[in-house]
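This report concerns only the one structure given below.
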Amino acid sequence: MISVSPDDFIVANPNQIKAGMEVIHLKFGQGKVISVDERLVASIVFDGLDDNQEKRIMLQFAKLQIVD
C-alpha cells in the first residue's frame with residue numbers, strides 16, 4: 001500500500017480516471033477503479049476498507065491521485 005503526504009498529493013483531472021487504474025484518496029487510501037460511468041461516478045475498491053467494500057465517488061468532487 002502506498003501512502004502519500006498531503007503536501008505531495010497531486011490531484012488528477014477527473015477525466016483521466018479510468019477503470020483498472022490504481023488511485024490514492026487521502027482518507028480511504030489506495031484503491032483500484034472498478035468502473036467509471038457516463039456521469040463520472042467511479043466505483044473504487046479501497047485496500048484499507050473492511051471486506052473490500054466498494055465506494056461510489058463522484059469524480060468531479062473526489063480528490064484522487066493516480067498511482068504511476
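Laboratory data are not the source of any read-out in this text; all were calculated from the coordinates shown. Remember, predicted model here, so these are calculated numbers, not experimental data. Note: ideal-geometry Cβ built from the backbone for every residue, glycine included; neighbour counts use all protein chains shown.
Under the condition of being of a type in the set (Gly, Ala, Ser) and exposed (fewer than 11 other Cβ atoms within 10 Å of the Cβ), which residue from region 4-38 is nearest to residue 59 (Cα to Cα)?
20
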Unmet requirement for residue 42, which otherwise passes all of (1) at negative phi; (2) over 11 Å from the mean Cα position of the chain (by Cα): (2)
